[in-house]
Every structure is written in C-alpha cells, then in structure tokens.
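Before any comments, here is the structure.
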Amino acid sequence: METPISFKCEDCELLGILNVPDTFSPRRGVVFIVADGPQYRVGAQRQFVTMARTMEKSGYATLRFDYRGMGDSEGIHRGFEYVNEDIKAAVDALLASCTSIEEVVLWGECDSAAAVLFYAHTDTRVKGVCIANPWVRTEEGRAKTIVKHYYQSRLVDKKFWKKLLSGQFEFRNSLVSLWNNIIKVFRAKNLSNPVRNNSSDSMNQQPLPSRLAYGLGSFDGQVLLILSGNDWIAKEFLDMVAASPVWQNLLNDERLVRHEIQDADHSFSRKVSRDELLRLNLEWLKSW
C-alpha cells in the first residue's frame, strides 16, 4: 500500500511517500535519500518510485521524502552536508508508521550517498546502507579525473583532430586549462592520508573524502556500493580510492559488497541499468 505521510523535522512539516506490504508485517525498512537539488522524492527518472514499489512487493517497507526546502516540504534548503536532522526525522517517521520494522537501510546516490555516510554511524537503528556513485568532489580530485580521463579520451576523438586540423582549436585557452588542472593534481597529495584526526571538531575541517571515510569507517553495518561504468563521478571516486590507502582498506572490508554496472550512466537513466540496479539491491537485501 502506498500512502502519503507528513512528519515534523524541528519546526517544519516534511512530506513523504510510504510503501508497506499489504499481506505481512515487514521487519526491514528502506529510507531513500534524495540527491541534493533540484530533485524531490521521486528521484531521477522516477527511480525511487520504481524501486520503492518493487521493494514493497519483495516484502520491504520504504519511505521516500523531501528534505526541508525541497519538493513539498517546508523550510530552508540546507544542502546535503546539513541534513542529519531531516534523515533522523524520516527514520523516526518510518518506524512510527510501521511498528514491525526492526532495522533500517539508507539508500543514497551521488551527494545523497555522502549524506548517508554522514548520518548512518550516528543512528544504531540503521543496519545497512546502499551508496551509488558517491560524491567525493574536491577541486584537486576533479582536476585529476579530468587530466586522467578527459584529455586521454580527446586524443582518440575524431572530432578533436578534425577541429585541430581545420584550425578551429583554441590552443591558448586549452593549454591554460590543462596547466591549471595539473597544478591542482599536485595539490591532491593530502588525499592519500585522509583520516588524520578523529575528533569531530577537526574532522569538520577535513576535505570531503576524509569526512566520508570517517563516516564509513565508523559505521558497523552492511554496505552495498554500486558504481556506474559510464560516469565521471564514479571515475572521480575510483581515482580518489586509488590514491588513498584508508579508502582501499574500507572497500576491502568483508561487510562491503561492491558492484559495477558497466554501461550505466550517473543516474542509471536507461531501463536496463535501472533494472540491474534494482536486482542488485534486492539480492543484497535478501543476503543478510
């Protein structure tokens, strides 16, 4: 059964859509965290609607909702780094609406995957997280990805050589851009040692990959990581991991299951990609 619900987050009213199986009482619930702006509770290409309804048929309760300041929820938009209270309110609302639930899974993609890692370790009710194409953007990390992947792909691009040979290529601007990105790459050395101090005050001053590593390392539940094969954000994540022994250890943890969907883009926009994404999620949910 699909039902709209509203619930409080501090002094704001939030709107969500609850899916609960009709025939029995679920013991596990999934809360979908929407990516930061501009999106709302249906997700990209109505991805959350499809996933929620299919998960309901497989025996799981789900809740998808709007942050404060997004969609139909009241309040001021805060951004994905400042939505812990919103996620807590959603988990509270799910458990209050479906009292048979014993454990909660958080699902996030891109920057909402980052929001999931910020929150999950602070709430003992959360026993699992699914993170897809996690957002780990830093200026240096983005530059490294551009240098490694974009410029190499340009060298084998027929359109690039056609433009070059026709005299339409802007050498000066391109060389300045390349040089600026190379400079940023050399500044990326700090990513190789992302967790230097575990105190919350100092952690707030760390680059995003460091704070996410702290969140993942502090979470003791099950983790599903899904990456798209045709996505710059996923490539940026993998480049960051390759430069970070801390992240490599985190991804080698036996509690973490990792999959890559080869032809998928960032939001799994093609039906075949969405179907595979859903299949992997259901397989993982049934495995523990």
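The values are calculated or read from the model by the stated rules, or taken from the named source; none is laboratory data. None of these values were measured; they are calculated from a predicted model. Note that we place each Cβ from the backbone using ideal geometry, even for glycine, and neighbour counts take in every protein chain shown. All accessible areas refer to the heavy atoms of the entire protein, side chains included, with ligands and DNA or RNA removed. Shrake-Rupley method; radii C 1.70, N 1.55, O 1.52, S 1.80 Å.
Among the residues that make up segment 55-73, is at least one of them free of Cβ contacts under 8 Å to residues at least 60 places away in the same chain, in a helix (DSSP H, G or I) and within 28 Å of Ser228 (Cα to Cα)?
Among the residues of segment 55-73, at least one is free of Cβ contacts under 8 Å to residues at least 60 places away in the same chain, in a helix (DSSP H, G or I) and within 28 Å of Ser228 (Cα to Cα), which makes the answer yes.
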Look through Ser267, Ser273 and report the one residue that is surrounded by 20 or more Cβ atoms within 10 Å (Cβ to Cβ), modelled with pLDDT under 95 and not in a strand (DSSP E or B).
-> Ser267
Scan (1) loosely packed, with under 15 Cβ neighbours inside 10 Å; (2) over 21 Å from Gly141 (Cβ atoms) for the single condition Glu260 breaks and write down its number.
-> (2)
Are there any pairs with C-beta distances below 6 angstrom linking a residue in segment 259-288 that is on the phi > 0 side of the Ramachandran plot to a residue that is among the aliphatic types (A, V, I, L, M), with the two at least 6 apart or on different chains, and if so which?
-> Phe268/Leu277
Within segment 247-264, residues out of contact with any Ser or Thr (no Cβ under 8 Å at 6 or more places or on another chain) and not in a loop (DSSP other than H, G, I, E, B) come out as Trp247, Gln248, Asn249, Leu250, Leu251, Leu256, Arg258, His259
If Tyr82 passes every condition in (1) closer than 23 Å to Ile226 by Cβ; (2) open to solvent by 10 Å² or more (accessible area, probe 1.4 Å); (3) aromatic (Phe, Trp, Tyr) but one, which one does it miss?
-> (1)
